[in-house]
Amino acid sequence: MPVLNRIAEFADEIAAWRQDFHAHPEILYAVERTAGIVADKLTAFGCDSVVTGIGGTGVVGIINGRQNSSGRTIGLRADMDALPITEKTGVAYASTTDGKMHACGHDGHTAMLLGAAKYLAETRNFDGRIALIFQPAEEGGAGAKAMLDDRLIEQFGIEAFYGMHNWPGMPVGHFGIRTGGIMAATDRFYIDITGQGGHAARPQTTIDPVIVAANMIVGMQAIVSRNVDPLHSAVLSVTMVEAGEADNVISQSARITGTVRTLDLAVQDQIEQRLAEFVPQFAASFGASARVRYARGYPVTVNSPEETAFAAAVASEIAGAERVDADAPPSMGGEDFSFMLEKRPGAYIFVGNGDSSELHSDTYDFNDAVIPAGTSYWARLAERAPAADHIQGRERMRSLARAKTISMRTLSKFLPIVLTLLVSAGGGSVATLLGLPAGWLMGGALAVAVAAIAGLPMVMPDRLRDLSFLLIGMSMGASVAPDSLRLIASWPVTIAALALELMLIVTLTGWVLARVFRLDSGTAYLSSFPGHLSFVLGIASSGVGNPRQIVIIQVIRILMLTICVPIGAVFLPIDHFAPVVRTSYLDIGQLLALAAGCAAVGLVFMRLKFPAGFVLGAMAASMAGKLGGLYDAAMPPLLVTLTFVLTGALIGSRFAGISRGELLTAAKGGLVATGLTVAIVSVVAWLASLMVDMPYGQIWLGLAPGALEGMGALGIALGYDTAFVAAHHVLRLLMLTLAIPTVVVIIKRRESAAMGSQVLRKSR
C-alpha cells in the first residue's frame with residue numbers, strides 16, 4: 001500500500017495524539033481541551049492562519065500552497081467530539097472521564113487530519129489553499145451547521161468539502177464511497193395517544209391507549225412496506241413505548257417514540273406526510289385521539305458525482321483500485337457533514353477500521369493501523385484537489401455549450417432574487433401610496449410573505465441580507481436622537497418593564513399554546529420566547545419541541561409586529577418624534593467611507609459574538625461618527641427607501657419553504673401568540689410611559705419583540721430614538737440567552753418526572 005513515506009515516518013506520533021484524545025473525551029461543544037491542542041499544533045506546524053471559536057469551539061487552519069494559480073480553497077473536515085458512554089475496552093489509554101468515551105473514532109479522525117496538516121505545512125506541494133476544519137458537536141449537536149452559520153464558507157472562501165469516517169468491518173487500508181446519498185437523514189417522531197383510563201378489571205369502560213399503541217406500531221410498518229417504492233431505502237423504527245403507572249390501572253395516555261431514516265428527500269417528505277395522516281385516523285378508529293410530532297434531524301449526506309470520482313481516484317492511488325469500492329452500500333446512520341454538502345459540492349468517504357466493535361459501542365476503539373492510509377489520503381487529496389478537474393476529465397475552461405449552460409444556471413439563480421426584490425418594492429410602493437407609515441417596509445414584508453406562501457420563489461441570499469444589515473445599522477446610527485445621552489437616565493424604568501414583559505409573554509403564551517392548542521411543552525414554550533430564533537431552533541434540533549411549528553409561529557410574530565406598528569401609528573394615538581428635516585445629504589464619497597467603517601466594526605462585533613453583531617456594529621460606528629462630529633448630513637432618501645425594501649424582503653422571505661398546510665396548522669397558535677404579545681407589550685409600555693418622559697410609541701417599539709433589523713427600520717421611519725430601540729432589543733436577546741436554557745431544563749425535568757414516576761395505586 002503506497003502510503004506517503006513522510007507520513008509513515010511519524011505515524012506513531014499521530015497515534016500518540018490519537019490515544020491522548022481518546023483518554024480525554026469531550027462532549028458536543030465542550031471540546032475546549034481538544035480544540036486547544038489542535039490550535040496549538042496547527043500553529044506549531046506553521047499554518048498560515050489558525051482561527052478558533054468558529055461555531056463555538058471549532059478550529060480552522062489555513063495552509064497556502066507553493067502556488068495559487070487555481071485560486072481554490074478546499075475544506076477537509078474532521079470531527080472532535082465524543083459520546084456519553086462508559087468505556088469498557090480495557091486499553092491502557094482508556095477514557096479518564098466517567099461516562100464519556102470516543103466510541104465513534106473522532107479521536108482518530110482529528111489525529112489523522114492533524115497528521116495531514118503537519119505534512120502539508122512542511123511540503124506545501126500543492127496549488128491553492130487548504131482549509132483544515134476541526135468541528136465540534138457532530139454527535140447530535142449539529143456542529144457543522146453551527147460552523148456554517150458562523151460564516152465558515154464566506155470567511156475562508158471554501159469551494160468544496162471532503163470528509164472521512166472510519167468503518168468497522170471494512171478491512172484496514174480499504175476505502176468505500178458512492179455517488180449520491182451515502183448517509184441517511186435522521187428524523188424522530190413522537191406520538192402521544194390519549195384514551196380513557198380506568199380500572200384494569202373493567203376494561204370495557206376504558207379506551208385502552210396501550211391497545212391503540214400496539215396496533216399502531218404494527219400498522220406504521222405499512223408506511224414503508226406499502227407506501228415507499230421498494231427501490232428506495234427507508235427505515236421506520238419504533239424505539240420507545242411508554243404507558244401506565246400501575247399494574248391494575250389502564251392508563252389514559254401512551255407515547256410512542258421512534259426514528260425515520262431515509263436517503264431521499266422525497267421519501268422523507270412522504271413518510272412525514274403519511275405519519276401525519278395515519279396517526280390521528282388510526283387512533284380515532286379505536287375511539288382515541290393522537291397527535292404526532294415529527295422532528296427533522298440531519299439531512300441526507302449527498303456526495304456530488306465529480307468530487308466523488310475524484311476522491312475515489314485519490315483513494316485508489318493510496319490503496320490500489322482493488323481496495324476501493326466506488327459503489328459502497330450507503331449507511332442509514334446520520335452525519336452532520338450533510339449540512340456542508342448542502343452548501344458546497346464534495347464527498348464523504350469510509351476508511352476501513354478492520355475487525356473492530358461497532359460504532360457507538362462501549363468496546364469500540366479506533367484502529368491505529370488505519371492512520372498511515374487515512375492520513376496519506378488526506379495529504380494526497382490536498383495535493384491533487386486543485387487539479388481535480390484534470391483527474392475527473394474536466395477542463396477549467398468551458399466550451400461554448402457549457403458556458404451557455406452555466407449562464408442559464410446563473411440566470412435561474414438570480415431570477416428569484418430579482419423577483420423577491422420586485423415584489424417587496426411593489427408591495428412597499430402600494431402601502432406608501434395608501435399613506436401608511438413605514439409603507440416601504442410594511443408593504444414589502446407583507447407582499448413577499450404572501451408570495452412565499454403562494455409558492456413563489458422568494459429568496460434573500462446571505463450577501464443581500466448582510467447588505468440590508470449594513471444599511472440598517474448605518475441608518476440607525478445616523479438617526480440617533482441628539483439628546484440620546486440625556487434619555488439614558490430613564491432607561492432603568494424601561495429595562496425593568498422589559499424584564500417584566502418577557503416573563504409575562506413566555507408564561508402566558510406558553511400556557512395558552514400548551515393548554516388551548518395542545519402543543520407539547522417544548523414546542524409551546526420555545527414558540528413563546530419573543531426572539532433569539534436561531535438559538536431557539538438550535539435547542540429544538542436536539543429533540544425539544546417541533547422545529548417547523550416553532551419557525552412558523554415565530555415568523556408570524558415577526559411579520560405581524562412589523563405590520564402592527566405602522567397600523568397603530570395611523571389608528572391609535574401613538575405620538576412620535578417628527579423626523580428632522582435635512583437640507584443636505586451624505587455624498588457618495590462620505591457614504592462609501594461610512595459604509596467601510598460600519599462594515600469593519602460590524603465584522604468585529606460578529607467575531608466577538610454580539611447579538612445581531614453586524615447590525616449593532618454598523619450602528620455603533622455610524623452613531624460614533626455622528627455624535628463625534630465626523631458628519632452631520634442625513635442618509636439620502638433613496639438609500640433609506642432601498643434599506644426598507646431589502647428589510648421587507650428579508651422579513652417576508654422567512655415564509656419561504658413553509659407550505660400552506662403547515663401554515664394553516666400553526667397559524668392559529670401563531671396569531672394568538674402574537675396577539676398576546678402585542679397586548680402585553682402595549683400594557684407594559686403604557687405603564688412605563690406613565691413613569692418616564694418619553695413617547696409611548698418609542699417605548700412600545702423598544703419593548704416590541706420583533707427582529708432588530710425590522711424594529712430598527714421602523715424606528716428610522718417613525719422618527720424614534722434608534723439608540724433606545726437598539727439597546728433594549730440587545731438587552732432582550734441577552735435576557736433570553738439566560739432564560740431559554742433555564743426554561744428548557746425545567747421542561748425536560750418535568751417530562752422526565754412525568755414519564756419516570758411509578759405510582760402504585762391500590763384497587764378499591
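What the table below lists for this structure:
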{"read-out": "Scope the range 721-749; condition among the β-branched types (V, I, T) and closer than 15 Å to G473 by Cβ; matching residues", "value": "T722, V725, V730"}
{"read-out": "Meets criteria (over 25 Å from the mean Cα position of the chain (by Cα), crowded, with 24+ Cβ neighbours inside 10 Å and touching a residue at least 40 places away in the same chain (Cβ under 8 Å)) for M80", "value": "no"}
{"read-out": "Filter pass, G140 being out of contact with any Cys (no Cβ under 7 Å at 6 or more places or on another chain) and free of Cβ contacts under 8 Å to residues at least 40 places away in the same chain", "value": "no"}
{"read-out": "Number of positions in the range 651-691 that are hydrophobic (A, V, I, L, M, F, W, C), assigned to a helix (DSSP H, G or I) and modelled with pLDDT of 80 or more", "value": "14"}
{"read-out": "Matching residues in the range 718-749 - criterion: being of a type in the set (S, T, Y), touching a residue at least 60 places away in the same chain (Cβ under 8 Å) and surrounded by fewer than 19 Cβ atoms within 10 Å (Cβ to Cβ)", "value": "T737"}
{"read-out": "Residue among R291, R344 that is touching a residue at least 40 places away in the same chain (Cβ under 8 Å), more than 24 Å from N367 (Cα to Cα), touching a strand residue (DSSP E or B) at 6+ places or on another chain (Cβ under 6 Å) and not assigned by TED's automatic domain parsing to the domain that holds F366", "value": "R291"}
{"read-out": "Residue that is on the phi < 0 side of the Ramachandran plot and more than 30 Å from the chain's Cα centre (by Cα), where the choices are P25, P2", "value": "P2"}
{"read-out": "Selected residue (criterion: nearest to the chain's Cα centre (by Cα)) from residues of the range 252-277 that are surrounded by fewer than 21 Cβ atoms within 10 Å (Cβ to Cβ) and of a type in the set (S, T, Y)", "value": "T259"}
{"read-out": "Residue within the range 210-229 that is surrounded by fewer than 18 Cβ atoms within 10 Å (Cβ to Cβ), modelled with pLDDT of 90 or more, part of a loop (DSSP other than H, G, I, E, B) and in contact with a strand residue (DSSP E or B) (Cβ under 8 Å, 6 or more places away or on another chain) present", "value": "no"}
{"read-out": "The range 354-374 - residue that is surrounded by fewer than 21 Cβ atoms within 10 Å (Cβ to Cβ) and in a helix (DSSP H, G or I) and, of those, farthest from the chain's Cα centre (by Cα)", "value": "A369"}
{"read-out": "Which listed residue is modelled with pLDDT under 95 and more than 23 Å from the chain's Cα centre (by Cα), from G181, G157, G169, G143", "value": "G169"}
{"read-out": "Any hit, the range 460-478, residues being surrounded by 22 or more Cβ atoms within 10 Å (Cβ to Cβ), modelled with pLDDT under 85, touching a Lys or Arg at 6+ places or on another chain (Cβ under 8 Å) and not assigned by TED's automatic domain parsing to the domain that holds V692", "value": "yes"}
{"read-out": "Residue among I191, I153 that alone is buried (at least 20 other Cβ atoms within 10 Å of the Cβ) and in contact (Cβ under 8 Å) with a residue 40 or more places away in the chain", "value": "I191"}
{"read-out": "Filter pass, A243 being of a type in the set (A, V, I, L, M, F, W, C) and in contact with a Ser or Thr (Cβ under 7 Å, 6 or more places away or on another chain)", "value": "yes"}
{"read-out": "Which listed residue is on the phi > 0 side of the Ramachandran plot and out of contact with any Lys or Arg (no Cβ under 7 Å at 6 or more places or on another chain), from G90, G143, G61, G75", "value": "G90"}
{"read-out": "Q554 vs. criteria modelled with pLDDT under 75, in contact with a strand residue (DSSP E or B) (Cβ under 9 Å, 6 or more places away or on another chain), surrounded by 24 or more Cβ atoms within 10 Å (Cβ to Cβ) and not hydroxyl-bearing (S, T, Y)", "value": "no"}
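This table checks each residue for (1) surrounded by fewer than 20 Cβ atoms within 10 Å (Cβ to Cβ); (2) touching a strand residue (DSSP E or B) at 6+ places or on another chain (Cβ under 9 Å); (3) under 25 Å from N367 (Cβ atoms).
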position	(1), (2), (3)
R18	no, no, yes
A23	yes, no, yes
I27	yes, yes, yes
S49	yes, yes, no
G71	yes, yes, no
P84	yes, yes, yes
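Residues are listed down the side, and each one gets a yes or a no for (1) more than 23 Å from F339 (Cα to Cα); (2) outside any loop (DSSP other than H, G, I, E, B); (3) over 28 Å from the mean Cα position of the chain (by Cα):
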| site | (1), (2), (3) |
| --- | --- |
| C104 | no, no, no |
| M112 | no, yes, no |
| A117 | yes, yes, yes |
| E122 | yes, yes, yes |
| I130 | no, yes, no |
| F134 | no, yes, no |
| A137 | no, no, no |
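The values are calculated or read from the model by the stated rules, or taken from the named source; none is laboratory data. A quick note: this is a predicted structure, and the numbers were derived from the prediction, not measured. Don't worry about glycine lacking a Cβ; one is built from the backbone with ideal geometry, like all the others, and counts go over all protein chains shown.
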